[in-house]
Amino acid sequence: MAVRIVPEGGWQAPGLKTARPDRKRKLVRERGRQEDAAHLTLIRKLPCLITGERERVEAAHIRYSSALYGKANPGTGAKPDDRWTVPLCARLHTEAADAQHRSGEEWWWEERGINPLLVAQRLHDLSAGLRAAAQPEDIILAAMTAIIERARREARHD
(Lines give C-alpha, C1' and ligand atoms only; values in the text may rest on other atoms or scores of the structure.)
Protein backbone atom coordinates (compact mmCIF):
# COMPACT_ATOMS: atom_id res chain seq x y z
CA MET A 1 0.00 0.00 0.00
CA ALA A 2 1.43 3.40 -1.04
CA VAL A 3 1.80 6.08 1.58
CA ARG A 4 0.61 9.50 0.57
CA ILE A 5 2.69 12.37 1.87
CA VAL A 6 0.99 15.73 2.26
CA PRO A 7 2.91 18.79 3.40
CA GLU A 8 1.88 20.43 6.64
CA GLY A 9 -0.85 22.92 5.80
CA GLY A 10 -1.76 21.08 2.58
CA TRP A 11 -0.77 21.69 -1.00
CA GLN A 12 -0.60 25.31 -2.14
CA ALA A 13 -2.12 26.38 -5.44
CA PRO A 14 0.58 27.12 -8.03
CA GLY A 15 1.25 30.82 -8.52
CA LEU A 16 -0.01 32.39 -11.70
CA LYS A 17 2.26 34.43 -13.94
CA THR A 18 0.73 37.86 -14.13
CA ALA A 19 3.73 40.03 -14.95
CA ARG A 20 6.49 40.02 -17.53
CA PRO A 21 9.84 38.64 -16.36
CA ASP A 22 12.21 41.16 -14.84
CA ARG A 23 14.69 42.04 -17.62
CA LYS A 24 17.28 43.01 -15.03
CA ARG A 25 17.52 39.38 -14.02
CA LYS A 26 18.03 38.15 -17.57
CA LEU A 27 21.50 36.71 -18.02
CA VAL A 28 23.67 38.55 -20.51
CA ARG A 29 25.63 36.41 -22.95
CA GLU A 30 29.28 36.44 -22.07
CA ARG A 31 30.25 37.36 -25.61
CA GLY A 32 28.58 37.60 -28.96
CA ARG A 33 30.08 37.02 -32.37
CA GLN A 34 33.34 38.93 -32.64
CA GLU A 35 33.34 41.03 -35.80
CA ASP A 36 36.41 42.60 -37.41
CA ALA A 37 35.46 44.45 -40.60
CA ALA A 38 39.01 45.74 -41.18
CA HIS A 39 40.36 42.19 -41.10
CA LEU A 40 37.72 40.98 -43.58
CA THR A 41 38.62 43.82 -45.94
CA LEU A 42 42.25 42.66 -45.88
CA ILE A 43 41.25 38.99 -46.40
CA ARG A 44 39.32 39.94 -49.56
CA LYS A 45 42.47 41.57 -51.01
CA LEU A 46 44.56 38.38 -50.68
CA PRO A 47 44.97 35.60 -53.26
CA CYS A 48 42.69 32.56 -52.99
CA LEU A 49 44.14 30.05 -50.55
CA ILE A 50 43.51 27.16 -52.96
CA THR A 51 44.05 28.54 -56.48
CA GLY A 52 46.06 31.71 -55.95
CA GLU A 53 43.51 33.67 -58.02
CA ARG A 54 43.02 37.33 -57.12
CA GLU A 55 39.65 37.87 -58.84
CA ARG A 56 36.40 37.74 -56.84
CA VAL A 57 38.03 36.69 -53.57
CA GLU A 58 35.71 36.31 -50.59
CA ALA A 59 36.27 35.97 -46.85
CA ALA A 60 35.35 32.35 -46.18
CA HIS A 61 34.41 31.64 -42.56
CA ILE A 62 35.57 28.28 -41.20
CA ARG A 63 32.53 26.82 -39.47
CA TYR A 64 33.72 23.59 -37.89
CA SER A 65 35.03 23.57 -34.32
CA SER A 66 38.42 22.55 -32.98
CA ALA A 67 39.52 22.21 -29.37
CA LEU A 68 43.14 22.40 -30.54
CA TYR A 69 42.64 25.96 -31.79
CA GLY A 70 40.12 26.99 -29.13
CA LYS A 71 37.41 27.40 -31.75
CA ALA A 72 33.89 26.56 -30.64
CA ASN A 73 31.04 25.89 -33.04
CA PRO A 74 28.72 28.94 -32.93
CA GLY A 75 25.70 26.76 -33.68
CA THR A 76 23.77 25.79 -36.76
CA GLY A 77 23.46 28.62 -39.23
CA ALA A 78 25.51 31.04 -37.13
CA LYS A 79 28.67 32.59 -38.52
CA PRO A 80 31.85 32.14 -36.50
CA ASP A 81 33.99 35.06 -35.37
CA ASP A 82 35.66 36.98 -38.21
CA ARG A 83 39.08 35.84 -37.00
CA TRP A 84 38.25 32.39 -38.47
CA THR A 85 38.33 33.41 -42.14
CA VAL A 86 40.55 32.61 -45.09
CA PRO A 87 40.48 34.01 -48.64
CA LEU A 88 38.70 31.84 -51.21
CA CYS A 89 37.64 32.66 -54.75
CA ALA A 90 33.85 32.86 -55.10
CA ARG A 91 33.77 29.66 -57.18
CA LEU A 92 35.33 27.53 -54.44
CA HIS A 93 33.61 29.34 -51.60
CA THR A 94 29.97 29.09 -52.68
CA GLU A 95 29.40 28.65 -56.42
CA ALA A 96 30.85 25.30 -57.53
CA ALA A 97 29.07 22.01 -56.95
CA ASP A 98 31.94 21.01 -54.66
CA ALA A 99 32.30 24.41 -52.94
CA GLN A 100 33.46 24.73 -49.34
CA HIS A 101 29.97 25.13 -47.88
CA ARG A 102 28.30 22.46 -50.01
CA SER A 103 29.90 19.41 -48.43
CA GLY A 104 31.52 18.26 -45.21
CA GLU A 105 33.83 21.16 -44.52
CA GLU A 106 36.54 19.30 -42.59
CA TRP A 107 36.74 16.69 -45.33
CA TRP A 108 36.79 19.44 -48.00
CA TRP A 109 39.88 21.02 -46.45
CA GLU A 110 41.60 17.65 -45.84
CA GLU A 111 41.20 16.85 -49.54
CA ARG A 112 43.11 20.02 -50.36
CA GLY A 113 45.85 19.36 -47.81
CA ILE A 114 45.38 22.67 -45.98
CA ASN A 115 44.65 23.35 -42.32
CA PRO A 116 42.37 26.41 -42.63
CA LEU A 117 42.22 26.99 -38.88
CA LEU A 118 46.01 27.33 -38.65
CA VAL A 119 46.05 29.66 -41.67
CA ALA A 120 43.14 31.74 -40.30
CA GLN A 121 44.81 32.01 -36.91
CA ARG A 122 48.10 33.14 -38.45
CA LEU A 123 46.37 35.64 -40.73
CA HIS A 124 44.35 37.19 -37.91
CA ASP A 125 47.24 37.35 -35.45
CA LEU A 126 49.41 39.08 -38.06
CA SER A 127 46.61 41.37 -39.23
CA ALA A 128 45.67 42.44 -35.70
CA GLY A 129 49.28 42.96 -34.65
CA LEU A 130 50.31 45.00 -37.67
CA ARG A 131 47.12 47.08 -37.60
CA ALA A 132 47.71 47.81 -33.90
CA ALA A 133 51.25 48.93 -34.80
CA ALA A 134 49.73 51.28 -37.42
CA GLN A 135 51.57 49.62 -40.32
CA PRO A 136 50.56 50.64 -43.86
CA GLU A 137 48.10 48.37 -45.67
CA ASP A 138 50.61 47.31 -48.34
CA ILE A 139 53.01 46.03 -45.66
CA ILE A 140 50.19 44.11 -43.95
CA LEU A 141 48.98 42.60 -47.24
CA ALA A 142 52.52 41.55 -48.23
CA ALA A 143 53.00 39.75 -44.91
CA MET A 144 49.57 38.09 -45.11
CA THR A 145 50.19 37.03 -48.71
CA ALA A 146 53.39 35.29 -47.56
CA ILE A 147 51.28 33.19 -45.17
CA ILE A 148 48.93 32.21 -48.03
CA GLU A 149 51.81 31.32 -50.36
CA ARG A 150 53.50 29.21 -47.68
CA ALA A 151 50.26 27.28 -47.01
CA ARG A 152 49.81 26.68 -50.75
CA ARG A 153 53.41 25.43 -51.11
CA GLU A 154 53.06 23.09 -48.14
CA ALA A 155 49.78 21.71 -49.55
CA ARG A 156 51.58 20.83 -52.80
CA HIS A 157 54.44 19.38 -50.74
CA ASP A 158 57.01 21.49 -52.62
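Taking 25 Å as R0, compute the FRET efficiency from the Cβ-Cβ separation of LYS79 and GLN135 and round it to 0.05. Let's see the in-between values first.
On the way: r = 27 Å, r/R0 = 1.09.
That pair, LYS79 with GLN135, gives E of 0.35.
For the range 100-156, which whole-number percentage of the solvent-accessible area (1.4 Å probe, protein heavy atoms only) is attributable to carbon and sulfur atoms? Mind dumping the intermediate values first?
Numbers: 1520 of 3050 Å².
C and S fraction of accessible area: 50 percent.
On alpha-carbon atoms, Rg over Rh for the range 82-131 using Kirkwood Rh?
Expressed as Rg/Rh, it is 1.03.
The values are calculated or read from the model by the stated rules, or taken from the named source; none is laboratory data. As the structure is a computational prediction, the values presented were derived from the model and not from experiment. No Cβ is skipped: glycine too gets one built from the backbone with ideal geometry, and neighbour counts run over all protein chains shown. Areas reflect the complete protein model, heavy atoms only, side chains present, ligands, DNA and RNA absent. Shrake-Rupley method; radii C 1.70, N 1.55, O 1.52, S 1.80 Å.
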